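*Asks:* One structure follows; several queries about it will come next.
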Amino acid sequence: MMTLHPPSRPLATAWIFWAFLFAACEAEVKAPPPADAAVTAAGFGETCSDTAGCLAGLTCMRSEYAALGWCTRTCANVAATTGCEEAELAGGQGFCVEMPSGWNGPQAAFCAPICNKVADCPGTGWETCSKPAYKNTLLYNELPTRTCQSPSFHGQIVVDPVTCDWESKITDPQMGAPKGECKAFCQFVAQCQLAPKSQTANCCAWKCFQHLTPSGKLDNGRLAALKCFTKTFTAFQSTPQVCTAYKEQCGPLP
């Protein structure tokens, strides 16, 4: 029997991502809302799939600013709260942010949720509460205002969250290896029934690729951790341990 040695424990940290992904999806599978439940429109900063799902006056923005679509509105007074007050945002409070040209999102300035800490951010999916920035570069150095952001998605392409049509949009030949590893990893979790049944292969691979490329750049440490799981899965093919050997070789999936 081929023996593989487990990687160092720090690599396990990278798999917090999968804990969030699997737990969130499993929760949806195990506890679906009642069929007759009333649908409540999303407020400012809350997650949405289209503009029809936002409160009146708000639009659903899908961009690299955050992993999911969220409700906001355009504004004209950049680096100010004017135009992003509670009256315009149906009770929310925002700050008018303009992103650099060429980013994957609307060219018009938009209202971003103001916060003091991440817990203040409306909805889900926000990672930080900090001064408005893009790819770790502050947009307004002199202002103390902090907004809800998801910086690990800055630099990411924008993909439909339902179809997850991501692969053809990744044209950099240097990304061939991580693309292949993600598809192999998703084959592993699907065959071993470690992923939610509701998750498609495309969406699994897209989430994986996002995890490997925070801020649009490949994280080699995360890629190495991923390879441990796929190599172990391949090495133990045709054995009773094919779906369990990873626990010893790579550590348990969170």
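*Asks:* Show me, for region 152-165, the HN-Hα J-couplings you get by feeding each phi into the Karplus relation (A = 6.51, B = -1.76, C = 1.60, θ = phi - 60°), rounded to Hz, glycine and proline as x.
*Replies:* Using θ = phi - 60°, the values come out as 5, 9, 5, x, 7, 6, 9, 10, 4, x, 8, 7, 6, 7 Hz.
*Asks:* Same structure, new question: Under 5 Å between amide hydrogens, which residues at least 5 positions from ALA42 or on another chain qualify, with H placed 1.01 Å from N in the peptide plane?
*Replies:* Amide H neighbours of ALA42: CYS54, LEU55.
*Asks:* Still on this model: Considering only C-alpha atoms, what is the centroid distance from region 162-199 to region 221-237, in Å?
*Replies:* Spelled out, the Cα-based centre of one part sits 14 Å from the other.
*Asks:* Which far-off residues, 5 or more places away or on another chain, put their amide H under 5 Å from the one on PHE95, with H placed in the peptide plane?
*Replies:* ALA112, ILE114
*Asks:* Still on this model: I'd like the Karplus ³J(HN,Hα) series for region 105-110: coefficients 6.51, -1.76, 1.60, θ = phi - 60°, whole numbers in Hz, and an x wherever there's a Gly or Pro.
*Replies:* Running phi through 6.51 cos²θ - 1.76 cosθ + 1.60 with θ = phi - 60° gives x, x, 7, 6, 5, 9 Hz.
*Asks:* Which of the residue pairs LYS169/LYS227; LYS227/LYS247; LYS135/LYS217; LYS183/LYS207; LYS197/LYS231; LYS131/LYS169 have a Cα-Cα distance greater than 20 Å in the structure shown?
*Replies:* The pairs that break the limit, which is 20 Å between Cα atoms, are LYS169/LYS227; LYS197/LYS231; LYS131/LYS169.
*Asks:* So what is the relative contact order for region 105-254, in percent, with contacts set as C-alpha pairs under 8 Å and at least six apart?
*Replies:* The normalised contact order for region 105-254 reaches 17 percent.
*Asks:* Please state the relative contact order of region 41-157 as a whole percent: Cα pairs under 8 Å, 6+ residues apart?
*Replies:* After rounding, I find 24 percent.
*Asks:* What shape does region 186-254 take by its C-alpha gyration tensor, where a ≥ b ≥ c are the square roots of the eigenvalues and a/c under 1.5 counts as rounded, a/b above b/c as prolate, and the rest as oblate?
*Replies:* Judged from the Cα gyration tensor, region 186-254 comes out oblate (a/c at least 1.5, b/c at or above a/b).
Readers should treat all values here as calculations from the given coordinates under stated rules, not as data from a laboratory. These figures come from a predicted structure and were not determined experimentally.
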